[in-house]
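*Asks:* Take this structure first; my questions come after.
All of the numbers you see were taken from the coordinates with simple rules; none came from a lab. Here the structure is a predicted model, which means the values were calculated and not measured. Cβ coordinates were reconstructed from backbone atoms using ideal geometry, including for glycine residues, and neighbour counts include every protein chain displayed.
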């Protein structure tokens, strides 16, 4: 859990340094061969020289970020954070509908190794940009994909197993949480959906963003399980939608530091760590029986 908290603080520090215009300090957060993809589906910058020019461009455009609450994956390297940025123009020479100040909603993902950022990806698209005067870009395809992602949560809350499965391609891959063994194929995913509904799942999605690649929808979600006791997760979900209009990849990014016992008002610290572990082990036993995986319940150092 300590590593999760470090990655979250890294995201917040990145946003703070960008607001301060501290390019050199930002570059020190990155590995020499790091890449930045902003937006996902747009230009990719590689290495210190290109990253330096990228940050100079943002600083010159008077960027100011309002950081949301980050989440950390259980893969030991990734963390994500919603961001709302005010900026005079978009990066990389992307069209700004006549220029002028604008607001952009995005979700930022970083990957780390050896204490440095190796990759940064910013998920956003035309429908996530608001121009001066409240004008927004028209992107019918983006909005359709966002609605599809929201339909998943609506159908989960309704307990509609068949309705949920109708949203998936035959090769559906579930990673929930990212960092554990994936669930692949419709039969295995159906069992996972049935299990989640049986545990009284309720999902409250936030506002989605759509990547420029036309495939990835990303949104924050608060997930609550009611059985065997109340447990709340703060998740950032990433879905990849194919040309067939179906979901082929569903990822849930959350870590132990993103769980809450009870009504979700109290963060999970060392005192609650054992309780969360025992809860998850009980869920595993009820789902898989005695052969199910078990987590060590010792409190973190």
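*Asks:* Under the definition of Cα pairs under 8 Å and six or more residues apart, what whole-number percent is the relative contact order of region 1-85?
*Replies:* Once divided by the residue count of region 1-85, the mean separation gives 35 percent.
*Asks:* Using 0.36 nm times the number of residues separating residue 227 and residue 75, minus their current alpha carbon distance, what extension gain do you get? Kindly include the intermediate steps, with their values, before the conclusion.
*Replies:* Values: separation 152, 0.36 × 152 = 54.72 nm, distance 2.60 nm.
Stretched out fully, the residue 227 to residue 75 stretch lengthens by 52.1 nm.
*Asks:* Treating only the Cα positions of region 123-261 as identical point scatterers, give the base-10 log of I(q)/I(0) from the Debye formula at each q in 0.14, 0.17, 0.18 Å⁻¹.
*Replies:* -0.65, -0.93, -1.03
*Asks:* Using Stokes-Einstein with the Kirkwood hydrodynamic radius over Cα pairs, what translational diffusion coefficient do you get for region 43-184 at 20 °C and a viscosity of 1.002 mPa s, in µm²/s rounded to a whole number?
*Replies:* Translational D for this selection: 120 µm²/s.
*Asks:* So how do 107, 194 line up by other beta-carbon neighbours within 10 Å, fewest first?
*Replies:* 194, 107
*Asks:* Percent of alpha carbon pairs in region 224-265 separated by more than 11 Å?
*Replies:* 69 percent
*Asks:* Would you give the gap between the C-alpha center of region 156-194 and the C-alpha center of region 1-47, rounded to a whole Å?
*Replies:* About 32 Å separates the Cα centre of region 156-194 from the one of region 1-47.
*Asks:* In whole percent, what relative contact order does region 125-204 give with Cα contacts below 8 Å and a gap of six or more residues?
*Replies:* 24 percent
*Asks:* Taking the alpha carbon gyration tensor of region 1-91, what are the square roots of 5 times its eigenvalues, largest first, to the nearest whole Å?
*Replies:* 21, 16, 13
*Asks:* Cut-off is 10 Å between beta-carbons; in what order do 26, 80 appear when sorted fewest neighbours first?
*Replies:* Details: 26 22, 80 29.
Going from sparsest to densest Cβ surroundings: 26, 80.
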